[in-house]
Amino acid sequence: MLAVLSKPFRGGRAALATALFSAAVFAAALPARAAEITFMVASDIDRAEAGEGRGGFARLAGAIAAERAAGGNLVVAHAGDTISPSLLSGFDQGAHIVALTNMLKFDVFVPGNHEFDFGKDVFLARMGELEAGHKLAANLRMPDGSPVAGFADTAMLEFDGIKVGVVGAAGDHSYAVSSPGDLRLAGTVDTALSQAKALRAEGADIVVAVAHAMRSQDLAMMHGGSIDLVLSGDTHDLLINYDGRAILAEAREQAEYLPLITLDVTAETVDGKRKVTWTPQFRVIDTATVTPDPAVAAKIAELEKTLSAELDIEIGKSDTELDSRRAAVRGGEAAIGNLIADAMRTSTGADVALMNGGGIRANKLYAAGSTLTRRDVLAELPFGNVVVVVELSGADLKAALENGVSAVEEGAGRFPHVSGMRVVADVSKPAGSRIVAVDVGGAPLDPGKTYTVATNDYMARGGDDYVALRSGDYVVGPRDGKLLATVVIDAVAAAGTVSPKVEGRVQLQN
């Protein structure tokens, strides 16, 4: 403006007015500053082995290295679930997974529910060993309300003058599906939204939530009005959802696919106020196309070599097909679920056995005639659970079964695999009133009778919302029970050949 008026003006009043207007606009709207920021998310990667064709730590490391080598502003986030249930976690409680994760140097790490699988003390130990640019969990506190050592609620990052506020939120559902003990977990959504508003007040131009959350919670954060980008884990979906205002992204599992969101950001001052806008670009890396990182691959090979001698011992065969894929064990009766439940009941002499589908983890299809090894069983049952026996009334047993079929439509891990009983459920009815009939040992369930129920210690203490099982008294408690994986290994080895099949133990009607 000074340059315009520092010389005599020639051109008349109209021209002078035009010049003054242009100068005023120039003063009111400073030139926009541009930044390009890319966010990559991974989650639910818990296996040391390489994966078949895609996925695994080595390919994830290769993908991260390639993106970093390309230059530019990059934030690599881990949205949780890693130290368990890996194949080897039953031996070292996830220490090898932490060692692999540290090799990848995540910018942000947020714990998932499986980080609590071995209890509070192991969680604290593993998280103390884990290295990341920022370890975030705004809703997680020690029993006395103090922060967990090494963790912060939020972080403020800056790229080319653009401030990016990041809030981390652990899954508040960890109480139901894992074992955080007396650690305190506040509401995932409420905490994320309140922290997002605080980040805005601190000057954040863009707010990102890295969260381990259920899908309904993801959407609540996305539509909450304070968060621009939600990077989530837990649901095991490959997802990019953009509604024109906010973005939700998730990376499925095992680093098979990796979403990348690039924000083209502009910032300008209009009438003395800062205005930030952005437009997104989306990419998905199929890690089948990625060259594995050699150092990480070598570390994995070292781990495999150490344990192969013990894990690769053959224990028997299955004459029938076994399907442990997620949809199979969480959506209906499965032969492998029957095999496990039968082993639990037979080993304890209980009236019935109850196993949750979410505890069957290898996500694998075994053809009829397959040879089974210790590795197979430990991959299916990696949590280190023990078999317990509780005395339970028929009414409480029915309540437990109601919980088991209450979320079939969502693929919830609570789906029941049973032995010694037959269950009929009408899934068209409201949750909590779906059980139509239960037979135990060929006789109708008696609500007033006491039954012995073999289950795993996680379910017995109310895991997967099996709170009804807490009503029973222990006949065989957690200190005395046998390792579930050992019980199944022994059952297969004793039989030599097993032939489990789907036989109508759990019948779902519409």
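Computed values, structure above
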item: Efficiency of FRET from Cβ geometry, Glu158 and Ala298, R₀ 56 Å, rounded to 0.05; result: 0.95
item: Number of Lys pairs (Cα under 16 Å; 8 or more positions apart or on different chains) in the stretch 33-297; result: 4
item: Residue order, fewest to most beta carbons within 10 Å, for His78, His173; result: His173, His78
item: Taking Ser146, Ser43 and counting other C-beta atoms within 10 Å, the order from fewest to most; result: Ser146, Ser43
item: Segment Thr371-Asp446, length gained on full extension (0.36 nm per residue, minus Cα span); result: 22.9 nm
item: Exposure proxy order (Cβ contacts within 10 Å, fewest to most) of Leu372, Leu219, Leu136; result: Leu219, Leu372, Leu136
item: Mean Cβ count within 10 Å, highest first, over the residues of peptides 474-481, 320-327; result: 320-327, 474-481
item: Rg ratio (alpha-carbon, reference 2.2 N^0.38 Å) - the chain; result: 1.16
item: Label-to-label distance, nm, for residues given as Ala201 and Glu268 (7 Å Cα→Cβ offset); result: 3.0 nm
item: Partners for Lys317 among lysines (Cα-Cα distance below 30 Å; same-chain residues under 8 apart left out); result: Lys305, Lys364, Lys482, Lys501
item: Rg and Dmax [Cα atoms of the stretch 137-246; Å; Rg one decimal, Dmax integer]; result: 14.0, 43
item: Packing-based ranking, highest mean first, of 436-448, 61-73, 343-355, 405-417 given that Cβ atoms within 10 Å are counted; result: 343-355, 405-417, 61-73, 436-448
item: Rounded if a/c under 1.5, otherwise prolate or oblate - the stretch 185-315, Cα gyration tensor axes; result: prolate
item: Reciprocal mean inverse distance between Cα atoms of the stretch 439-479 - Kirkwood radius, Å; result: 11.4 Å
item: Candidate lysines for bridging to Lys429, where Cα separation is under 20 Å - those fewer than 8 sequence places away on the same chain excluded; result: Lys398
item: Label-zone membership for the stretch 203-220, site Asp190, 7 angstrom Cα→C-beta point, backbone N under 16 Å; result: 217, 220
item: Computed Rg/Rh of the stretch 347-456, alpha carbon atoms with Kirkwood Rh; result: 1.00
item: Stretch gain in nm, segment Arg325-Glu129, where the contour uses 0.36 nm per residue and the Cα spacing is subtracted; result: 67.4 nm
item: Value of [θ]222 nm, deg cm²/dmol, for the chain, DSSP H segments ≥ 4, -39500 (n - 2.57) each, nearest 500; result: -9000 deg cm²/dmol
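Any read-out appearing in this document is the output of simple, stated calculations on the displayed coordinates, not a laboratory observation. Bear in mind the structure is a predicted one, so any value in this text is a computation, not a measurement. Heads up, the Cβs are rebuilt from the backbone with ideal geometry, glycines too, and the neighbour counts pull from every protein chain shown.
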